[in-house]
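One structure is given below, encoded as structure tokens.
The values are calculated or read from the model by the stated rules, or taken from the named source; none is laboratory data. Keep in mind it's a predicted model, so treat the numbers as computed, not measured. With ideal geometry, Cβ positions are generated from the backbone for all residues, glycine too; neighbour counts draw on all protein chains shown.
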Amino acid sequence: DQQVKQNSPSLSVQEGRISILNCDYTNSMFDYFLWYKKYPAEGPTFLISISSIKDKNEDGRFTVFLNKSAKHLSLHIVPSQPGDSAVYFCAATSGNQGGKLIFGQGTELSVKP
Amino acid sequence: EPEVTQTPSHQVTQMGQEVILRCVPISNHLYFYWYRQILGQKVEFLVSFYNNEISEKSEIFDDQFSVERPDGSNFTLKIRSTKLEDSAMYFCASSPQGRDNQPQHFGDGTRLSIL
């Protein structure tokens, strides 16, 4: 089941620069997308989300962009900080109440000082 | 900030034994979920639960699995007869509503090791 794909297993960025994490999806029924951050030995922590009626959502250093025609979303972190080093998961869900999340494989971000 | 708590953090069980994983969702949340992550693989949905019944379940959630909300605070996942392939991290999650831009909040997981 490859409905949500994160094609880059890892990304390394210099502190202060922009980190761009990408996610592609195939199911056109998805209408709500989320990014989670995960540290080792912890559960996923919600970071930011976007509804399919929008193309951008911003929260501090984090911005999510949605391109519905390309079925693509991205998470921008600027400026990147060493504490941002973690695994980032993209997730998607569709319109029903109690909707399950479909996760991508995750991208491990390393921000170097 | 309220959080989802899971116990135990690590459970080691012999194959064929029953195991119960416990979760305390955030207190005003109405929807509850279990996910699992086998080592090196994606986080996978197992089951969602609302109003004291299962809302949706995945193919993974077969007759060996069950969920229960025995009181007003706990939410449990039971595996009746564990198999080696049940070894994984199991995450509980909850949300105040099922959708409407309300994200699911996750616990730190229970690492289940089947010997």
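Things worth noting here:
- Among the residues listed as A:F65, A:F89, the single one being within 8 Å of chain B (Cβ to nearest Cβ), of a type in the set (F, W, Y), touching a strand residue (DSSP E or B) at 6+ places or on another chain (Cβ under 6 Å) and buried (at least 16 other Cβ atoms within 10 Å of the Cβ): A:F89
- In region A:68-85 there is at least one residue matching the filter, namely being at positive phi, in contact with a strand residue (DSSP E or B) (Cβ under 8 Å, 6 or more places away or on another chain) and modelled with pLDDT of 95 or more.
Residue-wise test of (1) small (G, A, S); (2) at pLDDT below 95; (3) touching a Pro at 6+ places or on another chain (Cβ under 7 Å).
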residue: B:K42; (1), (2), (3): no, yes, no
residue: B:F49; (1), (2), (3): no, yes, no
residue: B:S55; (1), (2), (3): yes, yes, no
residue: B:P70; (1), (2), (3): no, yes, no
residue: B:L77; (1), (2), (3): no, no, no
residue: B:R99; (1), (2), (3): no, yes, no
residue: B:P103; (1), (2), (3): no, yes, no
residue: B:L112; (1), (2), (3): no, no, no
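- The set of residues in region A:51-61 that are under 23 Å from B:Y35 (Cβ atoms) and more than 9 Å from chain B (Cβ to nearest Cβ) contains only A:S52.
- Apart from one condition, B:I114 fits all of (1) over 27 Å from A:Y32 (Cα atoms); (2) in contact (Cβ under 8 Å) with a residue 60 or more places away in the chain; (3) out of contact with any Leu (no Cβ under 6 Å at 6 or more places or on another chain); the exception is (3).
- Taken over region A:14-36, the criterion of being surrounded by 18 or more Cβ atoms within 10 Å (Cβ to Cβ) and within 11 Å of another protein chain (Cβ to nearest Cβ) is satisfied by A:Y32, A:F33, A:L34, A:W35, A:Y36.
- Residue list for region B:7-38, restricted to those being under 16 Å from A:K100 (Cα atoms) and either among the aromatic types (F, W, Y) or in contact with a helix residue (DSSP H, G or I) (Cβ under 9 Å, 6 or more places away or on another chain) (or both): B:Y31, B:F32, B:Y33, B:W34, B:Y35, B:R36
- Residue in region A:78-98 that is within 25 Å of B:L39 (Cα to Cα), within 13 Å of the chain's Cα centre (by Cα) and without any contact (Cβ under 8 Å) to a residue 60 or more places away in the chain present: yes
- Strands (runs of 3 or more DSSP E) completely within region B:6-115 that count 2 or more residues being surrounded by 12 or more Cβ atoms within 10 Å (Cβ to Cβ), among the aliphatic types (A, V, I, L, M) and within 14 Å of chain A (Cβ to nearest Cβ): B:19-24, B:43-50, B:88-95
- Criterion applied to A:S49, A:S8, A:S28 was being out of contact with any Ser or Thr (no Cβ under 9 Å at 6 or more places or on another chain), in a loop (DSSP other than H, G, I, E, B) and of a type in the set (G, A, S), and the one residue passing it is A:S28.
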